[in-house]
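The values are calculated or read from the model by the stated rules, or taken from the named source; none is laboratory data. Only a predicted model underlies this, so the values are computations on that prediction, with no experimental measurement involved. Here the Cβ positions follow ideal geometry from the backbone for every residue, glycine too, while neighbour counts run over all protein chains shown. We work out accessible area using only protein heavy atoms, side chains counted, and drop any ligands, DNA or RNA first. Shrake-Rupley method; radii C 1.70, N 1.55, O 1.52, S 1.80 Å.
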Amino acid sequence: MVEKISKGKRKTYTTGKATAVTLPTDIATLQSLVLTLLEKIGLLEAEVARLQAENTDLRQQLNQNSQNSSLPPSSDRFKAKPAFPKANDSLKGGQLGHKGKTLEMSACPDQIVALLPPAQCSCGSSLHAAPVIT
């Protein structure tokens, strides 16, 4: 809603958003104000047209993939991936009936390597009194 308040040669208009606009009452000043506003409108319309063209170009770039352009398939973006892996009905492991081989522990090894801890634990305690497991 716009309210009009008269003050001599100028009239103040207030809107519901508490914005006050003071307009002159003489015709020449109002005509120059209208021309200025029309010029600004023209500039803004040109800017809107430029931004819409840029938006269209960017959307076309996003919609390109290897199917509708010369891009390689590796450059496809936003490829839909399946939510879950494809179910496989085959059994895991070796073939049925095949006897597997397992590396057994030797009763008499060729070489025994002692793996000793460092002198101190990471907490700083000494490990000299710790039992050695063979």
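Assorted remarks:
- Segment 41-54 residues that are touching a residue at least 12 places away in the same chain (Cβ under 8 Å), paired with ones that are among the hydroxyl-bearing types (Ser, Thr, Tyr) and part of a helix (DSSP H, G or I) (beta carbon under 6 Å, 6 or more apart): none
- Among residues of segment 56-104, those that are assigned to a loop (DSSP other than H, G, I, E, B), surrounded by 10 or more Cβ atoms within 10 Å (Cβ to Cβ) and among the small types (Gly, Ala, Ser), counted: 2
- Test: residue in segment 113-120 that is surrounded by fewer than 10 Cβ atoms within 10 Å (Cβ to Cβ) and either in contact (Cβ under 8 Å) with a residue 60 or more places away in the chain or in a helix (DSSP H, G or I) (or both): no
- Being among the aliphatic types (A, V, I, L, M), under 33 Å from the mean Cα position of the chain (by Cα), farther than 30 Å from residue 133 by Cβ and open to solvent by less than 100 Å² (accessible area, probe 1.4 Å) is not true of residue 28.
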